[in-house]
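Written below as structure tokens is the structure these notes are about.
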Amino acid sequence: MRENELFQICSKVSSNKIVTAEEKGKKFQIYNSAGQKIIKVTVDGCVVNDSSERCDYIFEIGKPVQHAFFVELKGNDIRKACSQLYTTLTRFSNRYSGVQTEACIVASNTKIPNTKLTQEKNRFKNDFGVKLTMKSRKYLVNLSLL
């Protein structure tokens, strides 16, 4: 199946005030007070269902897409989360060319040496122009602040 077809099949459209992805106590939420169109794309096990690394979700904001959030809900392995996000960004870089994009990790435990996290943030910024951020257990994005 082609990429566009997979994205269509694996997407859920919402204009709810709060749009959420949740897994094992980790939660990524978008606060959508204006009721914008948000597309939640399930990447892991749907768009990408082979053995390659991939993040869990991509949230697309606007039509056409103006902002994208690549989201990984992770236990403790932050390095693995960074790798999964990096691989997914590489795989879909053409699809999101020109779109303001952020890579988000929601982890059970955010203990990682600051130097390693800074290196990863710099790598994402240099290679993709993408901001990498990490939060513990809950990550909230307020669309009115973008």
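A compact table of results
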| quantity | calculated |
| --- | --- |
| Inter-residue pairs, beta-carbon under 6 Å, first modelled with pLDDT under 90 and in the range 91-119, second part of a helix (DSSP H, G or I), 6+ apart | Ile112/Ile78 |
| Unmet requirement for Ala107, which otherwise passes all of (1) more than 11 Å from the chain's Cα centre (by Cα); (2) surrounded by 14 or more Cβ atoms within 10 Å (Cβ to Cβ); (3) among the aliphatic types (A, V, I, L, M); (4) farther than 14 Å from Tyr139 by Cβ | (4) |
| Matching residues in the range 32-75 - criterion: being of a type in the set (Gly, Ala, Ser) and either over 18 Å from Leu132 (Cα atoms) or touching a residue at least 40 places away in the same chain (Cβ under 8 Å) (or both) | Ser33, Ala34, Gly35, Gly45, Ser51, Ser52, Gly62, Gly75 |
| Subset tally (residues that are surrounded by fewer than 19 Cβ atoms within 10 Å (Cβ to Cβ), within 18 Å of Tyr96 (Cβ to Cβ) and in contact with a helix residue (DSSP H, G or I) (Cβ under 9 Å, 6 or more places away or on another chain)) for the range 4-43 | 1 |
| Residue match in the range 127-143 (condition: in a loop (DSSP other than H, G, I, E, B) and either farther than 26 Å from Val13 by Cα or among the acidic types (Asp, Glu) (or both)) | yes |
| Wholly enclosed strands (runs of 3 or more DSSP E) of the range 9-57 bearing at least 2 residues within 23 Å of Cys82 (Cβ to Cβ) and over 13 Å from the mean Cα position of the chain (by Cα) | none |
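Conditions tested, residue by residue: (1) buried (at least 18 other Cβ atoms within 10 Å of the Cβ); (2) under 18 Å from Val43 (Cα atoms); (3) not acidic (Asp, Glu).
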{"site": "Asp56", "(1), (2), (3)": "yes, yes, no"}
{"site": "Phe59", "(1), (2), (3)": "yes, yes, yes"}
{"site": "Tyr86", "(1), (2), (3)": "yes, yes, yes"}
{"site": "Arg91", "(1), (2), (3)": "no, yes, yes"}
{"site": "Gln119", "(1), (2), (3)": "no, no, yes"}
{"site": "Asn126", "(1), (2), (3)": "no, no, yes"}
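The values are calculated or read from the model by the stated rules, or taken from the named source; none is laboratory data. Being a predicted model, the structure only gives us computed values, none of them experimental. In this analysis, Cβ positions are derived from the backbone assuming ideal geometry, glycine residues included, and neighbour counts consider all displayed protein chains.
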